[in-house]
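What follows is one structure encoded as structure tokens, with my remarks underneath.
The values are calculated or read from the model by the stated rules, or taken from the named source; none is laboratory data. Source: prediction; values computed, not measured. Positions of Cβ are backbone-derived with ideal geometry, glycine not excepted, and every protein chain shown enters the neighbour counts.
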Amino acid sequence: MNRPLKILTGTANRAIVEEAAQYLGVPISNMLVTKFSDGEVRVQINESIRGADVYVFQSLSSPANQHIMELLLIIDALKRSSAGRITAVIPYFAYARQDRQDKPRTPVSARLLADLITVAGANRVVTIDLHSPQIQGFFDIPVDHLSALPVLYEYIKKNLILENPVVVSPDAGGVERARLLANRLGCGIAIIYKRRPEPNKAEVLDVVGEIDGKEAIIIDDLIDTAGTMVAAANMLINRGAKRVLACATHGVLSGPAVERLTNSPIEQVIITNTIPIGDKLFDKLRIVSVAPLLGEAIKRIHEEESVSSLFI
């Protein structure tokens, strides 16, 4: 491909962008993202990107609405500056839990966000572990939906000694994710049955599968307030699990999450760097990087090669 490769970033997660840019051997393009005195976002690209293959990094983490607005304005600026192709690289996609009308008179917020990104001018989206895979269908442009599972598996393989593991899905929706990790580890799976009476609150009711005497690895797409994860860990210990580990792609860690995880029976909490952790570090936390995964995906997209082998 003759188009030059350019990388731009919003303010959400610059560390992951720097690592991905280093992997690709390209500099981060010069761009200004600030605010006017009234809080409006200001974007100015300070170099020519005409005809370039541009990748805009932005995790839509807290404050999500500001980061969403930054992304939309950057994409619009690129479109108006005659970029050749614009790819939104979104390690963490906000509003993904609002992917359907679960109650009357509620929005499908994930679909609205997909429409906004498309209308702004993005030609493609790269993201990691959407809360609901069907969100890919909300876009009218190609979506490369990557999985962080290989990254988490490599950490487990290199850093943990497991004699009798079992992979645990904290709900029925995560069974496929648990099965894929269990296949790599060569072990069985268990499923926790829960119900959610209201947002950010879960009631763990039962577990299906053999737990007694095993090393339980709970795998989920994200940890928000950690209520589900800690309740699951407590149930597994009560059912005879020898030790409990927790894995997730996105460490949202809002509200009481850090305190809950610190005081829980969970031995290690393993997450990726799709969301910057900031001051939420604690002793049990282990962070692995998905920057090489994103860098390899960008390299293959730019060179028109297959990305499918990176999906799992």
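Looking across region 53-85, the residues that are in a loop (DSSP other than H, G, I, E, B) and surrounded by fewer than 18 Cβ atoms within 10 Å (Cβ to Cβ) come down to S62, P63, S81, S82, G84.
Applying the set (1) of a type in the set (G, A, S); (2) at positive phi; (3) crowded, with 18+ Cβ neighbours inside 10 Å to A257 leaves exactly one unmet item: (2).
Name the residues in region 128-178 that are under 26 Å from G209 (Cβ atoms), of a type in the set (A, V, I, L, M) and part of a strand (DSSP E or B), would you? Passing the criteria: V166, V167, V168.
Let's see how each residue does on (1) buried (at least 19 other Cβ atoms within 10 Å of the Cβ); (2) in the same structural domain as P276 (by TED's automatic domain parsing); (3) modelled with pLDDT under 95; (4) within 19 Å of L245 (Cα to Cα):
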position	(1), (2), (3), (4)
T87	yes, no, no, no
I90	yes, no, no, no
T118	no, no, no, no
A122	yes, no, no, no
V126	yes, no, no, no
L162	no, yes, yes, yes
P165	yes, yes, no, yes
D171	no, yes, yes, yes
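Being closer than 27 Å to R111 by Cα, basic (K, R), exposed (fewer than 15 other Cβ atoms within 10 Å of the Cβ) and at pLDDT 95 or above is the requirement here; does R50 meet it? Criteria not met by R50. Within region 222-236, identify whether any single residue is in contact (Cβ under 8 Å) with a residue 40 or more places away in the chain and either touching a Gly at 6+ places or on another chain (Cβ under 9 Å) or surrounded by fewer than 20 Cβ atoms within 10 Å (Cβ to Cβ) (or both), and answer yes or no. Yes, some residue in region 222-236 is in contact (Cβ under 8 Å) with a residue 40 or more places away in the chain and either touching a Gly at 6+ places or on another chain (Cβ under 9 Å) or surrounded by fewer than 20 Cβ atoms within 10 Å (Cβ to Cβ) (or both).
Suppose we filter I275, I287, I298, I211 for residues that are farther than 17 Å from P170 by Cβ and touching a helix residue (DSSP H, G or I) at 6+ places or on another chain (Cβ under 7 Å); which single one remains? Don't jump to the end; show me each part of the working.
Details: I275 fails: touching a helix residue (DSSP H, G or I) at 6+ places or on another chain (Cβ under 7 Å); I287 fails: touching a helix residue (DSSP H, G or I) at 6+ places or on another chain (Cβ under 7 Å); I211 fails: farther than 17 Å from P170 by Cβ.
Answer to the selection: I298.
Could you check region 15-41 and list, in sequence order, the residues that are surrounded by 15 or more Cβ atoms within 10 Å (Cβ to Cβ) and closer than 18 Å to G278 by Cβ? Hits for region 15-41 are I16, V17, E18, E19.
Taking region 208-230 as the range and being under 17 Å from I191 (Cβ atoms), outside any strand (DSSP E or B) and either within 22 Å of the chain's Cα centre (by Cα) or charged (D, E, K, R) (or both) as the test, the residues that pass are E210, D212, K214, T228, M229. Of all residues in region 165-177, those that are farther than 12 Å from L236 by Cα have Cβ atoms under 9 Å from Cβ atoms of residues that are among the aromatic types (F, W, Y), 6 or more apart or on another chain, in D171/Y193; A172/Y193.
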